[in-house]
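The structure appears right after this line, and notes come after that.
The values are calculated or read from the model by the stated rules, or taken from the named source; none is laboratory data. Keep in mind it's a predicted model, so treat the numbers as computed, not measured. No Cβ is skipped: glycine too gets one built from the backbone with ideal geometry, and neighbour counts run over all protein chains shown.
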Amino acid sequence: MIPRYTRPEIGAVWTQQAKLESWLEVELAATEAWAAEGVVPEEAAREAREKAAFTVEAVDEREKVTDHDVAAFVDVVSGSVGEHGRWIHYGLTSSDVLDTALALQLRRAGEVVLASACAYRDALVRRALEHRDTLCVGRTHGVHAEPTTFGLRLAGFAFEADRNLDRLEEAFAQLAVGKLSGAVGTYASVPPAVEARVMQKLGLGREDVATQVVPRDRHAELLSAIAIAGAGLERFATEVRNLQKTEVREVEEPFAAGQKGSSAMPHKRNPIRTERITGLARVLRGYSQAAIENVALWHERDISHSGAERVILPDATIALDYMQDLAAKVASGMTVNEERMRENLGLTYGALFSQRALTALVESGLTRDDAYRVVQENAQRAWDTRTEFRDLLAEATPDLDLDKVFDYGAYLTHVPEIFERLEALRS
């Protein structure tokens, strides 16, 4: 991922240095496991732990000769150990190291991603509770429907964020597995006891049946969860973008002192953060598709997945972490224009009370169809002619209790019950 969208903590997980350090963790754990099994001299394992070293530059230079990154790494590390370096990578195949080390990197990436996911959810919860009673219009098909509260709208995003947090936790957890079972997963060159010792040392589970690689459905599950989380972020971003339109202007992104919205038009305050989230969500969906394509490898393994994973796994985790942090800042810092929300409630001249008028007429004895036609005619007339719907209804149905019909409070009767659920989420 480009530096523009990379936060330092997760960026550090995916450096070349960090990757090779993970490889070394696996190699040293394997050498020590072999020693515990009595195959490798204990002195060799001890020296490997004390002396094993590499530089990224040395490995890159060696790879120019080997044209194989793991082989180059093993050559450099073995050389640093000296005579006992011959025991480095003993009995292993490249994917034993690659996939197990990748699990370590993903575990570290997961810690960062889950933290930003939690922060995003909590920001939404705080603002939802702040605006639990802030009345605004609900929209379906982009058209005014009935009143709701802005807090209730945010509560929906908060629960979605919580579901995405759960999905991400599960996806990262099921990826915390490695394998040291040799070239085709038969343990012909490395026994299960060595694998068990290594996984215990590294805090990973064992892949029950591996080929040469850990099956890629695990990685596809993570990328799918990331794409779904990205879609949730995009849904929130799209809401803010729509509410920031000049004609609506109920919500605005934070706009910092000194910030410029346009190089040509100084009046502009554009929703650039939420637009950025929207664009990156599209990237995440593409990465998810690539991960699903990676599941079907030839026989015990090919490397068609490898090149894609070098891009999609770092980029997807980095991008999601960035997007979640950005969305949390938008949620925490956005300006909520309560007065404009109130003004916009009146844009239909009361026509949004149409369902309450309909049910009141049905209760008064009219058939539903007759009641519907009375309400529809007057509600649409109110909207089209800019005449108050209440006045038109008073003429058409003089016996109707209009105070009961035109009551904003009626829409909020059960909202406290919903917010009890949100309070439980916070606890």
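In the set (1) among the basic types (Lys, Arg); (2) out of contact with any strand residue (DSSP E or B) (no Cβ under 9 Å at 6 or more places or on another chain); (3) in a strand (DSSP E or B), the condition left unmet by ARG139 is number (2).
Only residues that are more than 24 Å from ALA176 (Cα to Cα) and of a type in the set (Phe, Trp, Tyr) were counted in the stretch 16-65, giving 1. Restricted to the stretch 283-395, the set of helices (runs of 4 or more DSSP H) holding at least 2 residues that are closer than 30 Å to GLU111 by Cβ comprises 304-333. Close Cβ contacts (under 7 Å, 6 or more residues apart or on different chains) running from residues in the stretch 35-50 that are in contact (Cβ under 8 Å) with a residue 60 or more places away in the chain to residues that are among the hydroxyl-bearing types (Ser, Thr, Tyr) and assigned to a helix (DSSP H, G or I) are absent. Considering ASP69, ASP99, the condition of being in the same structural domain as SER22 (by TED's automatic domain parsing) and under 22 Å from ASP315 (Cα atoms) is satisfied by ASP69 alone.
Evaluate the stretch 352-363: report whether one residue or more is free of Cβ contacts under 8 Å to residues at least 40 places away in the same chain and of a type in the set (Phe, Trp, Tyr). No, the conditions are met nowhere in the stretch 352-363.
Within the stretch 109-130, is even one residue closer than 17 Å to ALA48 by Cβ, buried (at least 23 other Cβ atoms within 10 Å of the Cβ) and of a type in the set (Phe, Trp, Tyr)? Checking the stretch 109-130: not a single residue is closer than 17 Å to ALA48 by Cβ, buried (at least 23 other Cβ atoms within 10 Å of the Cβ) and of a type in the set (Phe, Trp, Tyr). For the stretch 271-280, residues that are without any contact (Cβ under 8 Å) to a residue 24 or more places away in the chain and either farther than 11 Å from VAL240 by Cα or not assigned by TED's automatic domain parsing to the domain that holds GLU253 (or both) total 1.
For (1) touching a residue at least 12 places away in the same chain (Cβ under 8 Å); (2) touching a helix residue (DSSP H, G or I) at 6+ places or on another chain (Cβ under 7 Å), each residue gets a yes or a no:
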site: PRO314; (1), (2): yes, no
site: LEU326; (1), (2): yes, yes
site: THR335; (1), (2): yes, no
site: GLU338; (1), (2): yes, no
site: ALA394; (1), (2): no, yes
site: ALA424; (1), (2): no, no
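Okay, residues lined up against (1) β-branched (Val, Ile, Thr); (2) at pLDDT below 95:
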| residue | (1), (2) |
| --- | --- |
| VAL213 | yes, no |
| ARG216 | no, no |
| ILE226 | yes, no |
| ARG235 | no, no |
| PRO254 | no, yes |
| ALA257 | no, yes |
| SER263 | no, yes |
| ILE272 | yes, yes |
| GLU275 | no, no |
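Among the residues that make up the stretch 135-158, is at least one of them surrounded by fewer than 20 Cβ atoms within 10 Å (Cβ to Cβ), outside the structural domain of SER22 (by TED's automatic domain parsing) and of a type in the set (S, T, N, Q)? Yes; the residues of the stretch 135-158 include at least one that is surrounded by fewer than 20 Cβ atoms within 10 Å (Cβ to Cβ), outside the structural domain of SER22 (by TED's automatic domain parsing) and of a type in the set (S, T, N, Q). Condition (residue is in a loop (DSSP other than H, G, I, E, B), without any contact (Cβ under 8 Å) to a residue 40 or more places away in the chain and among the hydrophobic types (A, V, I, L, M, F, W, C)) applied to the stretch 211-223: is it met by at least one residue? Within the stretch 211-223, not a single residue is in a loop (DSSP other than H, G, I, E, B), without any contact (Cβ under 8 Å) to a residue 40 or more places away in the chain and among the hydrophobic types (A, V, I, L, M, F, W, C). Scanning the stretch 283-307 for residues that are among the hydrophobic types (A, V, I, L, M, F, W, C) and surrounded by 15 or more Cβ atoms within 10 Å (Cβ to Cβ) gives VAL283, LEU284, ALA290, ALA291, ILE292, LEU297. Scanning the stretch 12-32 for residues that are in contact (Cβ under 8 Å) with a residue 40 or more places away in the chain, polar (S, T, N, Q) and either farther than 13 Å from PHE54 by Cα or crowded, with 18+ Cβ neighbours inside 10 Å (or both) yields SER22, THR31.
For the stretch 308-339, residues that are surrounded by fewer than 17 Cβ atoms within 10 Å (Cβ to Cβ) and among the aromatic types (Phe, Trp, Tyr) total 0. Answer yes if at least one residue in the stretch 369-387 is surrounded by 12 or more Cβ atoms within 10 Å (Cβ to Cβ), within 30 Å of SER116 (Cβ to Cβ) and of a type in the set (Asp, Glu), and no otherwise. No, the stretch 369-387 contains no residue that is surrounded by 12 or more Cβ atoms within 10 Å (Cβ to Cβ), within 30 Å of SER116 (Cβ to Cβ) and of a type in the set (Asp, Glu).
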